[in-house]
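The values are calculated or read from the model by the stated rules, or taken from the named source; none is laboratory data. Values in this document were obtained by computation on a predicted structure and should not be read as measured data. Backbone-built Cβ (ideal geometry, glycine too); neighbour counts: all protein chains shown.
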Amino acid sequence: MINLAVRDIRHSWWRYSLTGVILGLLIAATITLFGIYRGLIADALSLPLNSGADIWVVQDGTAGPYADASTLYDDEYRGLAGFPGVAEVSNVLYFSLQAKRGTEDIRIMVAGFEDGKMGQPTHMVAGRPIIQSRYEAIAEVRSGFKIGDKIRIRRHDYTVVGLVEKMVSASGDPVVYIRLKDAQEEQFKKDNTSIYNDRYRNNSNDENNEIADHRTNAVLIKVAPGWSADQVAANIKRWKHFQTYTYEQMKQLLLTKIIEKAAKQIGLFLGIFEVVSAAIVALLIYTMTMGKLKEIAVLKLIGASNGLITMMILREAWGIGMIGYTVGVIVSVLWLPIFPRYITYTADIRLITFALNMVMCSLASIISIRAAVKVEPASAIGG
């Protein structure tokens with residue numbers, strides 16, 4: 001049996017190949033958007049996932065410490081440590097700012113932690129932990145800082161002694177870890193000019209400045225074996241009047257409050273790409289089908305079934321889909337390093353994209369199949 005699809009592709013190979021390349025670029029963008037979405041989720045959950053905490057205790061009425069501002073006194077952990085089911089407690093402090101990397105401004109999140117407790121740096125890839133009592137830092141590799149570099153955080157310079165990876169804020173800013181006491185000083189302690197102005201305006205003294213120096217954003221809690229995180233969190237909220245979040249609650253909060261709009265935008269773009277891809281494939285296949293209606297009529301005249309004609313058209317569509325998918329995978333891998341944010345590029349993303357691509361190509365063939373099926377065998381005899 002003559003393979004009309006192969007013959008037709010050979011006849012218009014340049015147009016067929018060019019359309020496959022264009023489709024491949026759209027598929028590369030689709031794969032990248034899937035990866036960006038997965039990366040947004042990974043970024044949003046990196047700090048809570050690696051903190052080691054089961055419960056976050058924050059200021060009442062807030063969604064802190066990652067999605068909202070929260071302030072607690074750092075001695076609250078003593079009372080929380082005595083609650084039934086609490087195995088470990090730890091203070092943490094987070095705030096974002098513009099830092100200097102040489103002459104370049106860079107947005108970072110500063111994470112203050114207590115040595116040897118929850119919330120300390122994980123995924124270290126170079127250097128050493130912080131061992132000095134003051135002014136040492138551990139930076140995320142995407143910040144661009146190297147071991148030995150100086151980071152200016154508010155009033156003091158910090159020496160980078162270690163590097164970690166995959167530790168970013170919910171907005172994608174690389175994290176710089178410093179000791180909790182350093183973070184409290186940088187975040188809350190007033191500079192000399194502010195103290196002077198407060199004295200001049202309100203006759204205040206340094207007492208408020210010292211009080212502010214003992215604040216934090218949240219207390220992390222590790223639940224003892226045999227206890228439910230939901231139960232312990234409910235008890236703390238009831239008796240201490242703080243807002244509490246379990247890991248699942250914190251995860252849901254971040255996914256709905258931080259990346260919800262970005263996810264909707266990505267979904268909209270994915271839909272647009274699929275529509276454009278389908279239109280490109282449909283136009284090419286329809287043009288090729290209309291150019292061989294005479295041959296299709298001849299095939300029907302000699303006994304070819306509509307199923308055989310349908311399969312010929314589908315093979316053309318699937319062929320262009322395979323070319324596009326191959327080009328798309330190659331291009332997406334090549335341009336992956338130029339993106340500033342973390343992109344999760346996994347096998348299931350490629351599998352999902354392949355399935356969507358083949359379904360799209362099949363649907364794009366429907367118009368051409370309908371036109372081919374309607375061809376009358378008698379038209380082969382006509383002029």
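Results, tabulated for the structure shown:
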| read-out | value |
| --- | --- |
| Where residue 248 falls short, out of the listed (1) loosely packed, with under 13 Cβ neighbours inside 10 Å; (2) under 30 Å from residue 58 (Cβ atoms); (3) touching a residue at least 60 places away in the same chain (Cβ under 8 Å); (4) not basic (Lys, Arg) | (3) |
| When residues of region 60-90 are limited to those that are touching a residue at least 24 places away in the same chain (Cβ under 8 Å) and among the acidic types (Asp, Glu), the one surrounded by the most Cβ atoms within 10 Å (Cβ to Cβ) | 74 |
| Condition met for residue 321 (assigned to a helix (DSSP H, G or I) and small (Gly, Ala, Ser)) | yes |
| Odd one out for residue 54 among (1) in contact (Cβ under 8 Å) with a residue 12 or more places away in the chain; (2) more than 30 Å from residue 313 (Cα to Cα); (3) surrounded by fewer than 16 Cβ atoms within 10 Å (Cβ to Cβ); (4) charged (D, E, K, R) | (3) |
| Options 144, 127, 82; residue that is of a type in the set (Gly, Ala, Ser) and under 18 Å from residue 236 (Cβ atoms) | 82 |
| Residue match in region 102-111 (condition: part of a loop (DSSP other than H, G, I, E, B), polar (S, T, N, Q) and within 22 Å of residue 216 (Cα to Cα)) | no |
| Qualifying residue in region 372-382 (condition: touching a residue at least 24 places away in the same chain (Cβ under 8 Å), in the same structural domain as residue 17 (by TED's automatic domain parsing), over 21 Å from residue 293 (Cα atoms) and in a helix (DSSP H, G or I)) | no |
| Residue match in region 322-332 (condition: buried (at least 19 other Cβ atoms within 10 Å of the Cβ), aromatic (Phe, Trp, Tyr), within 18 Å of residue 28 (Cβ to Cβ) and assigned by TED's automatic domain parsing to the domain that holds residue 367) | yes |
| Yes/no for residue 41 being within 16 Å of residue 331 (Cα to Cα), at pLDDT 85 or above and not polar (S, T, N, Q) | no |
| Residue match in region 66-77 (condition: of a type outside the set (A, V, I, L, M), part of a helix (DSSP H, G or I) and under 27 Å from residue 257 (Cβ atoms)) | yes |
| Lone qualifier among 292, 300 - being touching an Asp or Glu at 6+ places or on another chain (Cβ under 7 Å) and either hydroxyl-bearing (Ser, Thr, Tyr) or touching a residue at least 24 places away in the same chain (Cβ under 8 Å) (or both) | 292 |
| Residue that is among the charged types (D, E, K, R), free of Cβ contacts under 8 Å to residues at least 12 places away in the same chain and surrounded by fewer than 21 Cβ atoms within 10 Å (Cβ to Cβ), where the choices are 105, 115 | 105 |
